[in-house]
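One structure follows; several queries about it will come next.
What follows is calculated from the coordinates using simple rules that are stated; it is not laboratory data. None of the values given here were measured: they were computed from a predicted structure. We place every Cβ from the backbone using ideal geometry, glycine too, and count neighbours over all the protein chains shown.
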Amino acid sequence: MNNTPTSCMEEKAQVISIDGAWVWVEAMPKSACGGCAAHSACSNAAMAELLSSNKKLRLRIPNTFHAVLREWVVIGWHGGSFLQTVAKTYLLPSFLCVLFACLGGVISELSAAAGAFVGLGLGVLLNLPSQGKEESYEVVFLHRIKEHGYE
């Protein structure tokens with residue numbers, strides 16, 4: 001069975017807890033990403049920066065692979081979904097807030113303030129239809145890691 005999402009980001013992780021139908025894994029931070037020319041536009045680089053602190057990322061994934069405690073696995077998720085989510089959640093409302101404030105500022109300061117709230121509200125409302133689509137952002141098990149290579 002191939003769980004690989006198209007244009008998938010992959011990360012090595014260790015199984016730290018098994019809870020019935022769910023498994024908790026701990027992703028290890030990447031040490032050196034960004035050497036290529038596409039670093040600024042790469043979602044792998046963005047995730048590497050997120051994971052670059054000394055904190056380990058803990059994720060809950062479905063136990064579709066009969067996990068064994070402390071085993072190493074490779075997990076994956078859609079690479080573009082991370083950056084799209086950030087853009088839709090933070091950048092769109094912020095951009096609309098500033099845009100509507102500028103448009104309202106042509107009339108008066110009060111209109112600028114009202115425009116900022118309208119733009120912010122519109123940005124939040126535009127995100128509501130995507131709230132039920134978490135499955136496209138799901139982290140999935142890809143394969144186990146053997147001692148000397150991939151399984």
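What ranking do R58, R144 get, fewest neighbouring Cβ atoms within 10 angstrom at the top?
R58, R144
Taking 0.36 nm per residue of sequence separation and subtracting the Cα-Cα distance, how much length would be gained by fully extending the chain between V86 and E26, in nm to one decimal?
Stretched fully, the V86-E26 segment lengthens by 19.4 nm.
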